[in-house]
Amino acid sequence: MDITEQVRDSLRRGGVRDGLGVVYCPHTTAATTINEHAEPDVVHDMLLWLNRAVPQAEPGFRHGEGNSDSHIKASLIGSGTTVLVVDGDLVLGTWQGVFFCEFDGPRRRTVHVQWLGK
Amino acid sequence: MDITEQVRDSLRRGGVRDGLGVVYCPHTTAATTINEHAEPDVVHDMLLWLNRAVPQAEPGFRHGEGNSDSHIKASLIGSGTTVLVVDGDLVLGTWQGVFFCEFDGPRRRTVHVQWLGK
Amino acid sequence: MDITEQVRDSLRRGGVRDGLGVVYCPHTTAATTINEHAEPDVVHDMLLWLNRAVPQAEPGFRHGEGNSDSHIKASLIGSGTTVLVVDGDLVLGTWQGVFFCEFDGPRRRTVHVQWLGK
């Protein structure tokens, strides 16, 4: 889920001109990342690969909730993503957007953004 | 290895009320991450998957020390993990804990935590 | 590509004595990481594994540019890497170096480094 505009809104309200922000997901079966947001096929292909590489059921998995794959994907992609801020705007490449990655949903989720700088 | 309490101790000593911390591992065959720490089966399943996905011996591996898998896992999970701090406490979800991930041990290891904010 | 010296140069010019830096890659098919830079075989083995684990063509991939694998590797390794700074120098382990990871090159690329602290 592309959350670039929500992150940019938070930046406008947070008032940092030069520094960085950490986009942080307080959930153990979800993550955040930065990747291409112009072309939805990239998201499709990334989820396809992740779901094949980390299958939901794997011989030897013990976790009773049956969502070990979601936890593994969360740590592979990572809970937090750092974005740079210069002259009051995000430093993102032409094709880059910030994503929230749901690996065990749909669920109601929260994302924190912390800004640091001046 | 769950190091959440050690990170919280460092926060109390470091004196940051609002900002962030970076939990950093200066080793090339270990990493840090945030994931579920209430249920040890999640750790078990994650290590099981990582050890299958990145086998110790792989045709074509050249590294003489025979621990290329540990280096690869280190970069997949990442050396550093950022934790947010609000009102003097870590911003962690209900099930989240901070982990040191040993991929080539047991060894004596060091973890640095740097706090930034006010 | 080992960019440790370029990051260190940036630190010298940026003037931070105590804090952190974020090495950030504004491209969706490249990444940054920290790993062993004394032994080139580690880089070789990591790329070998990544190229096998994330093949260029995978049944079901839709992205028309044919480089979904590069995007997936970018999110697995991550766009940004945080390095700590203490006493005016990078906190790196004996074998650690900072790497720019090209997954869809060769191309002309940019890396930003943002320093924060005092």
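The table for this structure:
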{"quantity": "Inter-residue pairs, beta-carbon under 7 Å, first modelled with pLDDT of 95 or more and in the range B:1-15, second of a type in the set (Phe, Trp, Tyr) and open to solvent by less than 70 Å² (accessible area, probe 1.4 Å), 6+ apart", "calculated": "B:MET1/B:PHE99; B:MET1/B:PHE100; B:ASP2/B:PHE99; B:ILE3/B:PHE99; B:ILE3/B:PHE100; B:LEU11/B:TRP115"}
{"quantity": "Residue in the range C:56-74 that is nearest to B:ALA30 (Cα to Cα), counting only those that are without any contact (Cβ under 8 Å) to a residue 24 or more places away in the chain and surrounded by 14 or more Cβ atoms within 10 Å (Cβ to Cβ)", "calculated": "C:ILE72"}
{"quantity": "Single match in A:GLU5, A:GLU39 (criterion: at the interface with another protein chain (Cβ under 9 Å from one of its Cβ atoms), open to solvent by 50 Å² or more (accessible area, probe 1.4 Å) and not small (Gly, Ala, Ser))", "calculated": "A:GLU39"}
{"quantity": "Condition met for B:VAL43 (among the β-branched types (Val, Ile, Thr), at pLDDT 95 or above, under 15 Å from the mean Cα position of the chain (by Cα) and assigned to a helix (DSSP H, G or I))", "calculated": "yes"}
{"quantity": "Failed item, numbered, when A:THR82 is tested on (1) open to solvent by 20 Å² or more (accessible area, probe 1.4 Å); (2) in a loop (DSSP other than H, G, I, E, B)", "calculated": "(2)"}
{"quantity": "Answer from B:GLY21, B:GLY97 - the residue that is touching a helix residue (DSSP H, G or I) at 6+ places or on another chain (Cβ under 6 Å), in contact (Cβ under 8 Å) with a residue 60 or more places away in the chain and either of a type in the set (A, V, I, L, M) or under 24 Å from A:ILE77 (Cα atoms) (or both)", "calculated": "B:GLY97"}
{"quantity": "Residue match in the range C:53-61 (condition: facing chain B (nearest Cβ under 10 Å) and not hydroxyl-bearing (Ser, Thr, Tyr))", "calculated": "yes"}
{"quantity": "Hits in the range B:9-57 (condition: polar (S, T, N, Q) and within 30 Å of C:GLY117 (Cα to Cα))", "calculated": "B:SER10, B:THR28, B:THR29, B:THR32, B:THR33, B:ASN35"}
{"quantity": "Out of C:GLY97, C:GLY64, C:GLY93, sole residue that is within 10 Å of chain B (Cβ to nearest Cβ), small (Gly, Ala, Ser) and not in a strand (DSSP E or B)", "calculated": "C:GLY93"}
{"quantity": "Selection status of B:LEU116, within 10 Å of another protein chain (Cβ to nearest Cβ) and part of a strand (DSSP E or B)", "calculated": "yes"}
{"quantity": "Test result for A:THR32, part of a loop (DSSP other than H, G, I, E, B), polar (S, T, N, Q) and crowded, with 23+ Cβ neighbours inside 10 Å", "calculated": "no"}
{"quantity": "Residues of the range B:29-56 classified as among the hydrophobic types (A, V, I, L, M, F, W, C) and out of contact with any helix residue (DSSP H, G or I) (no Cβ under 8 Å at 6 or more places or on another chain), total", "calculated": "4"}
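The values are calculated or read from the model by the stated rules, or taken from the named source; none is laboratory data. Computed from a predicted model, the values in this text were never measured in an experiment. A quick note on method: Cβ atoms are made from the backbone with ideal geometry, for glycine too, and the neighbour counts reach across all protein chains shown. Heads up: the accessible areas ignore ligands, DNA and RNA and are worked out on the full protein's heavy atoms, side chains in. Shrake-Rupley method; radii C 1.70, N 1.55, O 1.52, S 1.80 Å.
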